[in-house]
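To start, the structure itself, in structure tokens.
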Amino acid sequence: MESSFLSAVILPLALATIMIGIGLELKKTDFQLLFIKPKSVIAGLIAQMLLLPLLGIWIGFYLFEFSSPLIGAGFVIIALSPGGVTSNLFTLLAKGDLALAVTLTVIVSIITPFWFPVAAALILTIEGADSIKLDIMKTIIELFAITIIPISIGMFIKYKNDALATRMQKLVKTLSTIFLVLVIVALVIKHRDILMDNLMTVAPASLLLVFLAFLIGLVVARVFSTTPAQIRAISISVGIQNGTLALYIAATILGIPELTLAAMFYSLIMFAVGFAGVALFNKFPALSAEKAATT
């Protein structure tokens, strides 16, 4: 698969499909949750939008030595990306608060087109990776077009025909997974030399970031004394990132192969950790049971 076709067609199509899926799941009550259960939503946003990027900086620029600072910058890209729509499925399997998971996915996905370019430009400049030329306004426009518009299309379909939206959800999730796998396979083939040269550092770094993402979501949720179901939803929502968006930014907007490595490994590893997390939550309910409140 040619790199230009991958970045110009497949990645945007995959991302648009995921975002339509988010819109298809959205209900009016999801926005109301911010006011009904503000503690749980705030906990999720703090873990996702503030603490996870700090982990990305630590792992990408300080904890591991990569052959290029661009590879480390890739961990910032994936950490700044919003939670993935797949987190809603994992939350359901873990008997978590599905409404909260959907709410967090939607809110962060809507904020990301405006938050990501500014935060990424600032972080990369501070960390000496300013060789990555990120046009803030252009990136905002591109991310808005590829995220907010498809979400709006999904919402419109659900508003007009709820039954059709429900039927489409499973298909969209399946297509999203297939697209992501195809994209990762194509990128691995295209950039196999870079991949093999950095395998022994990028793989463990990605595994650590995935593990800590799930852990930080769980810890922050417990600190905020949310309910067991909310703790599960927050942990999973922070751990399951929108790898397709990170790949789109790295391969399409920026066009830098080294930036895609972290997103590729993270996207694969997060599924394994996600299923392990679901199994642990279901086998050991006490993981999310203490300090539970009803707020």
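Computed from the coordinates by the stated procedures, all read-outs in this text should not be read as laboratory data. Everything numeric in this text was worked out from a predicted model, so none of it was measured. Counting neighbours? That spans all protein chains shown, and the Cβs are built from the backbone with ideal geometry, glycine included.
Quick check: residue separation of Ser131 and Val223 times 0.36 nm, minus the Cα distance between them. What number comes out in nm?
Between Ser131 and Val223, full extension yields an extra 29.3 nm.
Tell me, Met168, Met137 in order of fewest to most beta-carbon neighbours within 10 Å? Don't jump to the answer; show the numbers that get you there.
Numbers: Met168 18, Met137 8.
Result, fewest neighbours first: Met137, Met168.
Relative to the present Cα-Cα distance, how much length would full extension add between Ile149 and Phe275 at 0.36 nm per residue of separation?
Numbers: separation 126, 0.36 × 126 = 45.36 nm, distance 3.09 nm.
Contour length minus Cα-Cα distance gives 42.3 nm.
For the chain, what does the convex hull of the Cα positions come to per residue, in cubic angstrom?
117 Å³
Hey, with R₀ at 35 Å, roughly what FRET efficiency would Ile141 and Lys283 work out to, going by the Cβ-Cβ distance, to 0.05?
Values: r = 46 Å, r/R0 = 1.32.
The value I calculate is 0.15.
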Seminar exercise, completed: With x for Gly and Pro, the residue-by-residue ³J(HN,Hα) of segment 38-50, computed from phi through the Karplus equation 6.51 cos²θ - 1.76 cosθ + 1.60 at θ = phi - 60° and given in whole Hz, is x, 4, 5, 5, 4, 4, x, 5, 5, 5, 6, 9, 10
Problem set entry | Packing-based exposure ordering (other Cβ within 10 Å, fewest first) of Ser81, Ser109 | Ser109, Ser81
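Can you tell me, using C-alpha contacts under 8 Å and at least 6 residues apart, the relative contact order of segment 3-288 as a whole percent? Display every interim value, and only then the final one.
On the way: 441 pairs, mean separation 99.1, N = 286.
Rounded, it is 35 percent for segment 3-288.
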For this session: Take every Cα-Cα pair in segment 178-251 and report what % of them are more than 16 Å apart.
Result: 62 percent
Exercise. Quick one: Karplus J couplings for segment 104-110, per residue in order, coefficients 6.51, -1.76, 1.60, θ = phi - 60°, nearest Hz, x for Gly and Pro?
Worked result: 5, 4, 5, 4, 5, 5, 6
Seminar exercise, completed: Final fewest-first order of Leu11, Leu50 on the 10 Å Cβ neighbour count is Leu50, Leu11
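In nm, what is the difference between 0.36 nm times the number of residues separating Leu199 and Leu215 and their Cα-Cα distance? Please list the in-between numbers first.
On the way: separation 16, 0.36 × 16 = 5.76 nm, distance 2.40 nm.
This chain segment gains 3.4 nm when fully extended.
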For this session: Pop a pseudo-label 7 angstrom from the Cα along the beta-carbon direction at both Phe156 and Ile111 and give the gap in nm to one decimal.
Result: 2.7 nm
Problem set entry | Ellipticity estimate at 222 nm from DSSP helix runs (n ≥ 4, -39,500 (n - 2.57)) divided over the chain, nearest 500 | -23000 deg cm²/dmol
Exercise. Residue by residue through segment 77-89, which ³J(HN,Hα) values in whole Hz follow from phi under the Karplus form 6.51 cos²θ - 1.76 cosθ + 1.60 (θ = phi - 60°), with glycine and proline marked x?
Worked result: 4, 5, 6, 8, 6, x, x, x, 5, 5, 4, 5, 5
Problem set entry | Separation of alpha-carbon centers, segment 26-101 and segment 251-272, rounded to whole Å | 16 Å
